[in-house]
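Have a look at the structure below before the remarks.
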Amino acid sequence: MNERVLILGSGAREHALAWRLAKDGAELHIAPGNGGTLAFENHALDLANLQATKELARKLDPALIVVGPEAPLVAGAVDLLEGSGFSVFGPRREAARLEGSKAYAKSLMEKLGIPTAQSRTFHELEQALAYVRSSDAPLVLKADGLAAGKGVLMTRSPQEAEDGLRELMSERRFGNAGDVVVIEETLIGPEVSFHVLCDGTSALPLDTAQDHKRLLDGGVGPNTGGMGSFSPSPHVSRREREEILRVIVRPLLAEMERRGAPFRGVLFVGLMMTSVGPKVLEFNVRFGDPETQSLMVRLAGNFFETLRACATGTLVANAMGLGAGASATLVLASKGYPASGPRDLEIRGIAGAEAMGAQVFHAGTRVDGTRLVTAGGRVLSVTASGDSVREARKVAYRAAAEIEFEGMQYRTDIGA
Ligand code: AMP
Ligand code: GLY
């Protein structure tokens, strides 16, 4: 019998997870899903409604639940679902604080001597203002809580830092999330991510990846949710990967376990590769988007069993590995993105793109009668694998050229 899996979320990340788990023979259900995950079974759901999430789980009775985005994790979805007897891939609320509170993550890193930017945490605007006035280095301001990836302000002068602090702490642009602010030094270097599957005790690293956060070629223009990704990163050597596991991941897992908040799920370590070695920028407690799309096409082995082992605390550290090679993902976005733009525009050419050897993962799409139409800012991810990132990106770009919708935009330098 096929094992049933329920994935919570609606992005290309969730579509890629579903696609990969289906290869292991799982029967996939996605809530709420998107136009692409209709290839499996979608279920209407408001992810902010934890009771409704639990009721859907009771109805479907899956062997495994995979939580995609951070908000339900930080809100305690895993505690609730595990309390109802389900196996869930994702951390409970207390462990999800690694992403849900930057001040918490910082204090833990300080205690464990994990390399990260020097920082101070402030609860009062006046004290934070006094601190930035006395500093001449460029500072990074971070709202403590979740802010949909927008709560980080890079400042170049004390004046900009003061303005930013007022925005966060008195104008409360991100509500409660900015009541506490972490101020840190600006790190310089290439930015990479390292995804590590964890069962509370053991760690199984996937490969490194990089994403492209800015809208336009050359890394300029506004910040976005991510315009593309590739894997592996050329900036992390085998020795540095070992160092990241030894100095960052293992001490963190041991401390979380000691605190009675074992970390189960995927730890996304966001790193700056500085001239003095890797330093942590952030922890996320879920898969990255669009990094996941690039990672999923490279995975060998039984991913379903590996995720279930993480959920049940039975991970064998070398249960699966990454296939050799590399991958690249292009995000195709709507006109106007990252601001909101037109919707309901017909999308054509996906079958043609897949015939070119790429996988197309959906994000902002929906099916309207017999048409597939746009329904969001990031519409599709076009992912390809190859012997090298160079080969993979060639295939991805050829495939993307097959796809059309009005106003479609994408970067031409992903993985270049
Ligand atoms: P975070 O959500 O903490 O990863 O911050 C979002 C983005 O801001 C990161 O992906 C980096 O590009 C940038 N960033 C965060 N902290 C720093 C830092 N200390 N120095 C330089 N860039 C940073
Ligand atoms: N691509 C970065 C993230 O998922 O947070």
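The values are calculated or read from the model by the stated rules, or taken from the named source; none is laboratory data. For clarity, every value in this text was computed on a predicted model and none was experimentally measured. Glycine gets a Cβ as well: all are built from the backbone with ideal geometry, and neighbour counts include every protein chain shown. Areas reflect the complete protein model, heavy atoms only, side chains present, ligands, DNA and RNA absent. Shrake-Rupley method; radii C 1.70, N 1.55, O 1.52, S 1.80 Å.
Before moving on, here are some points about what is shown:
- Stretched out straight at 0.36 nm per residue, the stretch from Thr314 to Ser388 would grow longer than its current Cα-Cα span by 23.3 nm.
- Rolling a 1.4 angstrom probe over the chain with all protein chains present gives an accessible area of which 48% lies on carbon and sulfur atoms.
- Using a probe of 1.4 angstrom and keeping all protein chains present, the accessible surface of the range 1-130 works out to 40 square angstrom per residue.
- Highest-fluctuation residue, Ala57, Ala39, Ala396 considered, GNM on the chain with Cα pairs under 10 Å: Ala39
- Distance from the range 308-387 to the range 104-160 (C-alpha centre basis), Å: 34
- For the range 11-24, the Karplus equation 6.51 cos²θ - 1.76 cosθ + 1.60, evaluated at θ = phi - 60°, returns couplings of x, 5, 4, 5, 5, 5, 4, 5, 4, 6, 5, 5, 5, 8 Hz by residue, with Gly and Pro reported as x.
- Orientation-averaged projection of the chain equals 19.5 nm² [convex hull of Cα atoms, one quarter of hull surface area].
- Residue of Glu41, Glu99, Glu282 that the Gaussian network model of the chain assigns the largest fluctuation, springs spanning Cα pairs under 10 Å: Glu41
- Remark: the range 219-310 carries 35 Å² of accessible area per residue (probe radius 1.4 Å; ligands, DNA and RNA excluded).
- Cα gyration tensor category, rounded, prolate or oblate, for the range 160-206 with a/c compared to 1.5: oblate
- Beta bridge orientation in the chain: antiparallel %, DSSP, nearest 5: 80
- For the range 104-197, the set of trypsin sites (Lys or Arg not before Pro) satisfying both a DSSP loop assignment and a count of at most 11 other C-beta atoms within 10 Å is given as Arg156.
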